[in-house]
Each structure stands twice: as structure tokens, then as C-alpha cells.
Amino acid sequence: MTIRTARPDRVEHFRPHMHCLKKLEALVVEMQDPKTGVKGSEQKLNVTTIPHVITGKDIVAWITNKMKTTAEEANVVGTMLVAYGYIYPLQNHKKLVMCNDSSLYRFQTPYFWPSQKWVADDSDYAIYLAKRNIRKKGLLEPYEQVHYNHLHKWLNHKWDFIVMQATEQYRAGRERKKPDRVVFDCQERAYWILNRPPVSVYIVCFPVLPQNIFYQQAIMRSKVKSSVSLGALVKYVTTYKTHDPFLAPCLPSNPWQTDSDAYWTLNMRSVDLPTKMRVERWSFSLFELLTDLRGRDDFKIFLKKEFSGENLAFWEAAEELKWGTASSMKSKAETIFKTFLAPNAPRWINIDGRTMGLTVKGLEHPHRYVLDAAQTHVLLLMKKDTFFRYLKSPVYKDIQKKALNPDPAQLEQNAQNRSPGIHPIILWKQEEEEKAKAAAASAPVDVKAMMSKIDRK
């Protein structure tokens, strides 16, 4: 690969994942520690001895011991390390997953880490393919041949430069020792498999999976007229306009601008009577109702009177399983199965047979998202039926009548009664004077100096 000395400005592109990448890199550095890390050894790959080779089961065992988690969770973390390019396989280089067996892996050099923010440029990829074409004497893999032909047409204006660079890199590689040459070839191939994957490559990268699902749903979503989209946008803005702190004032006052904290007190979870704006927001959607813990408590009261509280209880149990600790996952899954899904369960939920079968089968090997299908089904049931009955029920109408309505006149009064702030420089001077007084009081008394002052007087 061509060594670049100027880094492109790609900070905005990598910023969302940078925190995650830093954590993974700290874990990889710890895994390479000679004393406490994963133990590597020399292994033969074909006829070449490769140094510092580690096996998949050793990596999984180290992660399990380090994070105090299960082997399944450790395997997921290992797969994430492979999918992000921190560890690469030596044998099946197209399968970017962590296998909990004797499969051989090596740590990727930090030059190829994602946090380096190198752009996987087409010119670099063309040089890499040209170099492989020279080394393999024209016998590239089918997907590489397709990329090679495409880049040859696309970069035809500088193909002579690309071939010259590839030839020079090939000659420089021939001067290295064979193990070093094989290691570098594996590192470079792992980098390009990750950044220019063929169609058949199997990549599992869990943090990016929700984004892929979102994009697939967006592509499959039916197209609508612009007038319909604008109408929906206008409806949303009209609905939330009075609840936007930038467009409407906070009643009774904004606690960040005044000395009154009544706004926080009125909107606490444990408050007996919520405000009218808070109760009004519950009617916008089921998501708003369940997000507000005070609204969820009121919804529970209604469901209890309707004898249908098992749906909300199951939804809360699924959320607790999803966001809970890994150590308690198995016990929580068993409790959920016995309470909601088992035949003759005390709080059995009514879901279709296909979803029930998939959920029960998934609970044999529980993970955080094993209840997603059943949870979505229950949420849709509450959204289509129970939520609208709640809005028409006496429970909601009663809390609507009793809800507090802060006086708007108090907003102006609180703004007028705001005490003026002290300038930071004045505060700093006061602190410095206090420090000087404290230092003078704690300093030892010089008796001779005191006697000389008395004599002068």
C-alpha cells in the first residue's frame, strides 16, 4: 500500500464511531500485552512459519475472563474486532467472524486501524490489485478481476503511474524475508477485504446493523407525493409547537433563566398531579405515553381496570432484558418465559403462533434482542387498540381535569424577581483574598520581626 503522509479531513465522518473505536483499541492493546494478554505462538501457514499467531478459542477465553461475561457475549465482541479490522483471519480470509475453535488469527498493524481515518482510495486499491496481478501472474479471484477491469477503465488516464507504483512495491516486497512478506500480504489483503468486500464475504458488524435495517426499510418504503409529506410535516410542527422550549416559554418559568425551580418540581415522576401540557403530550402517541414514567403509571391503572395489564408488563420485562446486565440475562429470560409465554402461564400474552414459536425457540439461547419480535407485536396491539381506549376512558379524562395549569403571569414575575449574578472576575478576586488570608493565618509567627516592629513603635 502507498504510504501517505497527509491525512485527509475525515473527522466528521468518523466522529459518531470514534468513542466505540477507542474502546475497542484499548481492548486490543490490552490483548497484546506480553504478560497478561493473549498468548501467541509460531504456526505454519502452508510452508511458511508465521510468528505471533493466536487462535479463536484463546481470544474468546481471554475476553470471557477479562469482561466476566459468557462465551456467547465474548464471541460477539471478538466478531466485532474482526469486523472492524483489528484482528484478521489467516485461513478463511473472506469470513470476517470470530470462530470459537482452533482457527488462526493475527492482530492487525495499527497503520490499518479505522481510527487512523485513512480513506480507502480507488488509486490505492488499483495499485494493490495491480501488485497482486503481478504476483499471481494474472490469476486474480473473480471479484478482484471485476474490480481490476473497472478501475482500469476508470483510472485509465493514470494507469501507467499505478503500474509503476505496483511494480516498485512488488520489488521492495521481494527484498523482505518470506515470513515478513507473507504477514504484510495478509495484513493488506485483510484491509481491502474489509473496505472493498466481495459479494460473498460474510461480515458481521453489530453496531452498524440497525443502520442497514433502516436503509433497507427506507428503500422499500412506498413513495408518496411531496404534498402529503409536507402535510405530515406541518401536522407534526403544529402538534409539538407549544411543547418546544425554543418556540414556547416554559411554564411557570425556565429554571435555567430564573431562580425558581418550580418547573422541575411540577414535572417530577413522583408528582401526584402532572401539568396540563404533560397530560396533553401523552395523547400524541403511545411512545410519548410510555416514555413519560408518570404517564406509564396512569396507563397501568387503566390496564388494571381492563384486566389487560400483561401486555405492558411484558413490554417492560423485554426492555429490562434488553438494557440489563449480561450476568442476569439468563435468569430474566427464564422468568419471562414462565410468566408470559409458557402454557398456562399466570400472565400469558396473546400473540400469533409464528411469533410465539420464534420467541420460544430463541429463548433456548437467550440474548438481549431475543424478545424483539414479540415485543413489537405487543406494542402494535397496544397502539391500535388499548391506547385509543385509554384516551377515551374516565381515567385519562379525570387526570385531564385535575391536571395543574401554571399561571402565565408567574413567568413574568419570576423573571423580574431574578437576583443579579456576580461577575466571575469579582468572584475570582474574593477567592484570591480568602486564600491569602488563610495562608497568612496558617504561616508560622516570626517572633524577632514582631519584636522589631514593637521597638520601632
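Numerical summary
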| item | result |
| --- | --- |
| Helices (runs of 4 or more DSSP H) wholly inside the stretch 227-293 that include at least 3 residues being touching a Leu at 6+ places or on another chain (Cβ under 8 Å) | 276-282 |
| Neighbours by Cβ (under 6 Å, 6+ apart or cross-chain): first from the stretch 222-237, closer than 22 Å to Ala248 by Cβ and open to solvent by less than 90 Å² (accessible area, probe 1.4 Å); second small (Gly, Ala, Ser) and modelled with pLDDT under 85 | none |
| Conditions (1) surrounded by 15 or more Cβ atoms within 10 Å (Cβ to Cβ); (2) of a type outside the set (S, T, N, Q); (3) closer than 23 Å to Pro179 by Cα; (4) under 25 Å from the mean Cα position of the chain (by Cα): number failed by Val77 | (3) |
| The stretch 264-289 residues that are more than 19 Å from Lys235 (Cα to Cα) and open to solvent by 40 Å² or more (accessible area, probe 1.4 Å), paired with ones that are outside any helix (DSSP H, G or I) and aliphatic (A, V, I, L, M) (beta carbon under 6 Å, 6 or more apart) | Leu273/Leu404; Lys276/Ala403 |
| Residue among Glu364, Glu334, Glu320 that is modelled with pLDDT under 90 and either in contact with a Ser or Thr (Cβ under 6 Å, 6 or more places away or on another chain) or open to solvent by 50 Å² or more (accessible area, probe 1.4 Å) (or both) | Glu364 |
| Verdict on Ala318 being assigned by the TED database to the domain that holds Thr265, among the small types (Gly, Ala, Ser) and under 18 Å from Asn350 (Cα atoms) | yes |
| Selection status of Ala409, of a type in the set (A, V, I, L, M), at pLDDT below 90, farther than 30 Å from Thr275 by Cα and surrounded by fewer than 17 Cβ atoms within 10 Å (Cβ to Cβ) | no |
| Condition met for Gly138 (at positive phi and under 24 Å from the mean Cα position of the chain (by Cα)) | no |
| Boolean, Lys68 is at pLDDT below 85 and open to solvent by 40 Å² or more (accessible area, probe 1.4 Å) | no |
| Residue that is hydroxyl-bearing (Ser, Thr, Tyr), under 28 Å from Asp180 (Cα atoms) and outside any loop (DSSP other than H, G, I, E, B), where the choices are Thr36, Thr49 | Thr49 |
| Residues satisfying the stated conditions in the stretch 277-296, i.e. farther than 14 Å from Tyr240 by Cα and either touching a strand residue (DSSP E or B) at 6+ places or on another chain (Cβ under 9 Å) or of a type in the set (Gly, Ala, Ser) (or both) | Gly295 |
| Residues within the stretch 242-253 that are over 16 Å from Glu280 (Cα atoms) and without any contact (Cβ under 8 Å) to a residue 40 or more places away in the chain, tallied | 2 |
| Residue match in the stretch 128-150 (condition: open to solvent by 30 Å² or more (accessible area, probe 1.4 Å), hydroxyl-bearing (Ser, Thr, Tyr) and without any contact (Cβ under 8 Å) to a residue 12 or more places away in the chain) | no |
| Some residue of the stretch 83-94 being of a type outside the set (Val, Ile, Thr), part of a helix (DSSP H, G or I), closer than 18 Å to Cys20 by Cα and open to solvent by 20 Å² or more (accessible area, probe 1.4 Å) | no |
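The values are calculated or read from the model by the stated rules, or taken from the named source; none is laboratory data. In this text the structure is predicted, and so the values were computed from the model without any measurement. Virtual Cβ from ideal backbone geometry, glycine too; neighbours counted across all protein chains shown. When the accessible area is computed, the model is the full protein with side chains, heavy atoms only, and any ligands, DNA or RNA have been set aside. Shrake-Rupley method; radii C 1.70, N 1.55, O 1.52, S 1.80 Å.
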